[in-house]
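Notes to accompany the following structure.
The values are calculated or read from the model by the stated rules, or taken from the named source; none is laboratory data. Predicted model, so just to flag it, every value in this text is computed and none were measured. FYI the Cβ positions are ideal-geometry reconstructions off the backbone, even for glycines, and counts take in every protein chain you see.
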Amino acid sequence: MDRWDSRDERGAWSDDEFPTMDHLLPRVVESELRYPPQRGSGAWRLGLTGSGGEMKSMDSRSTYVVVALTIVLMSTCARLAEWVPGIVNDREPDPEAALANTEWMLDSYGEPGAENPVLEETEVTLRFGEEGHAGGFTGCNTFGAQYVVADGTLSFSEIIATEIACPGVMEQEREYLRALRTAGEFELTDNRLRIWYDEGERVLNLVKAAQG
């Protein structure tokens, strides 16, 4: 008795002997050759309509094979929906998840088309953590904040920064913090992040920081 026929006394498959996909597929053809439906037999049959309208039947063994394959295909489709959500479920990427645990460096800011570059020898950053926590460096002071992504907008609140005075960079710092306080719509593409502020009149242009 091979694995294909190994059933318990009740005729049921045991958990450790239930045929796997690798074992089942080669048996589909073999089952049709070894166990063709017999006219007049007492086996349970499933009626099917052929292409010409004639009635066909399948014995219990063939029915078992069809049912087993159907279950396998349904299970595969369900798992595929989880593994490839963008293809099967056509889900949109979650922008908040895309921002979490990323860090950005400010490249320029101001009116679109006439942005001011970040001052030389200064590094202005923006870091998104988990659970709505954000922070970064203004080029002079460190800061922390809360952020929320909703309906294509990015907003910051509870912005708290240290109060160190740095000659020559304070104007840039004030503009940067004001931009965060008035942030609105944003655009995330590849390694670029654009945040519009002042009711969309100005923009922050950031590039993704290199992973250390």
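A few comments on the model shown:
- Failed criterion for Arg91 (all others in (1) modelled with pLDDT under 95; (2) part of a strand (DSSP E or B); (3) not aliphatic (A, V, I, L, M) hold): (2)
- Selection over the range 94-121 of residues that are at pLDDT 95 or above, under 23 Å from Cys166 (Cα atoms) and not in a strand (DSSP E or B) gives a count of 3.
- Hey, Ala150 within 30 Å of Gly168 (Cβ to Cβ), surrounded by fewer than 17 Cβ atoms within 10 Å (Cβ to Cβ) and without any contact (Cβ under 8 Å) to a residue 12 or more places away in the chain or not: no
- Of residues in the range 153-180 being of a type in the set (Gly, Ala, Ser) and closer than 18 Å to Leu193 by Cα, the one surrounded by the fewest Cβ atoms within 10 Å (Cβ to Cβ): Ser155
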